[in-house]
1. State all residues of region 186-200 that are assigned to a strand (DSSP E or B) and either in contact with a Gly (Cβ under 6 Å, 6 or more places away or on another chain) or without any contact (Cβ under 8 Å) to a residue 24 or more places away in the chain (or both); if no residue qualifies, say none.
2. Here is a list of conditions, (1) without any contact (Cβ under 8 Å) to a residue 60 or more places away in the chain; (2) under 17 Å from the mean Cα position of the chain (by Cα), and G50 meets all of them except one; can you say which number that is?
3. Hey, A317 hits all of (1) within 17 Å of S175 (Cα to Cα); (2) not in a strand (DSSP E or B) but one; which does it fall short on?
4. Go over the candidates N246, N305, N300 one by one and state the one that is out of contact with any helix residue (DSSP H, G or I) (no Cβ under 8 Å at 6 or more places or on another chain), touching a residue at least 60 places away in the same chain (Cβ under 8 Å) and surrounded by fewer than 17 Cβ atoms within 10 Å (Cβ to Cβ).
5. What are the residues in region 201-227 that are of a type in the set (A, V, I, L, M, F, W, C), free of Cβ contacts under 8 Å to residues at least 40 places away in the same chain and either assigned to a loop (DSSP other than H, G, I, E, B) or under 30 Å from C296 (Cα atoms) (or both), if any?
6. So which residues in region 142-153 are within 26 Å of the chain's Cα centre (by Cα) and either in a helix (DSSP H, G or I) or loosely packed, with under 12 Cβ neighbours inside 10 Å (or both), if there are any at all?
7. Checking the structure you have, find out if any residue of region 262-269 is over 30 Å from G50 (Cα atoms), at pLDDT 90 or above, within 22 Å of the chain's Cα centre (by Cα) and not β-branched (V, I, T).
8. Has region 82-102 got at least one residue that is among the polar types (S, T, N, Q), on the phi < 0 side of the Ramachandran plot and modelled with pLDDT of 95 or more?
Amino acid sequence: MKKRLLNGLVSSMLALGLTSPLVFAAQSEITAAPGGYTALTPWGDPDLQGMWSYASLTPLQRPQRLEGREFYTAEEAVDINAQVLEERPITQGVVGDYNIAWYDRGNVSPNLRTSLIVDPPNGRLPLRAETIQRQAEAAVYREEHPADSWLDRTNWVRCISYHGVPPVSTGYNNSYQIVQNPDFVAIYVENIHDVRIIPLDGRPQLHANIRQWNGDSRGHWEGNTLVVETANFSDKTQHRFPSSKNTRAVERYTRVSDELIDYEFTIEDPDVYTSSWTAVRPMPAVADYVIYEYACHEGNYAMFNILRGARVQEQAARDNN
């Protein structure tokens, strides 16, 4: 399976001219730098290569009940981590649902923050009043029109995209594989098996008329940090937070040890938010992890059953009138 995964990723990179004799170097040079840990590739860039997890039990927004509290206590974090196992033990399940054997939710972030969002300081999304109104209207529509067609379902139910760019973790498949060469960084996203290609050569962003599900990314190095700016999202893109086609994301990847990448992202969108906001999330390495192909469309019986079930319910309602 590891060979199959590697071959698939190499094939994707070959199609874009990404490979070089240096891409899969067996050993990076590790040097001490003024800013701390630095692992360098043979061509001298910081080395981000490996398998990384962005699973987290820390919510994106600080829960209202924790207003004013920036951190959990260590004891609270232990309890939250334990509750996940108690909620869905392996021996217990619900028809149509997963048990704990399938989940990969991670743990509370080691920094013990009560939200991934660190700016604004209240840990909350700085939503415009118009955005809140649009969210309320959309919720009413979903309640009244849950499945008029496949267009009423989310992009993840439709097997188009899942965690998005930047990603917000869910219950499972929260993993990245990163490979790089002097000109590109490639991020293989476990769910739904996207390969995200990030040029490092200073080329301009695509024309604003060219819109993509995961936007258009451009990267550059600032010291030991990979900075990735992404724009040109489609107006059909759905993030795990409110967004629009004008959303702009700035991500920062800094490897701080063999086992950890410090990851930060900032979202800007004046159509949705009153100000930009920033979230941080440590990404630990996951040793011996294997990404299996997420063949979503091939097994997407849910879409057919959701639409068929809605038609049956509608017919039943008509028969009862």
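1. I187, I198, P199
2. The failed condition is (1).
3. (1)
4. Values: N246 fails: touching a residue at least 60 places away in the same chain (Cβ under 8 Å); N305 fails: touching a residue at least 60 places away in the same chain (Cβ under 8 Å).
Among N246, N305, N300, only N300 is out of contact with any helix residue (DSSP H, G or I) (no Cβ under 8 Å at 6 or more places or on another chain), touching a residue at least 60 places away in the same chain (Cβ under 8 Å) and surrounded by fewer than 17 Cβ atoms within 10 Å (Cβ to Cβ).
5. L206, A208, I210
6. R142, W150, L151, D152
7. Filtering region 262-269 down to residues over 30 Å from G50 (Cα atoms) leaves 269.
Still in the running and at pLDDT 90 or above: 269.
Pick out the ones that are also within 22 Å of the chain's Cα centre (by Cα) and you get 269.
Within this subset, residues satisfying the condition of being not β-branched (V, I, T) are 269.
Looking through region 262-269, at least one residue is over 30 Å from G50 (Cα atoms), at pLDDT 90 or above, within 22 Å of the chain's Cα centre (by Cα) and not β-branched (V, I, T).
8. Keep residues of region 82-102 that are among the polar types (S, T, N, Q), which gives 83, 91-92, 99.
Those still in the list that are on the phi < 0 side of the Ramachandran plot too: 83, 91-92, 99.
Next cut, modelled with pLDDT of 95 or more only: none.
The answer is no, given that none of the residues of region 82-102 is among the polar types (S, T, N, Q), on the phi < 0 side of the Ramachandran plot and modelled with pLDDT of 95 or more.
The values are calculated or read from the model by the stated rules, or taken from the named source; none is laboratory data. All of these numbers come straight from a predicted model, not from anything done at the bench. All Cβ positions, glycine included, derive from the backbone under ideal geometry; neighbour counts span all protein chains shown.
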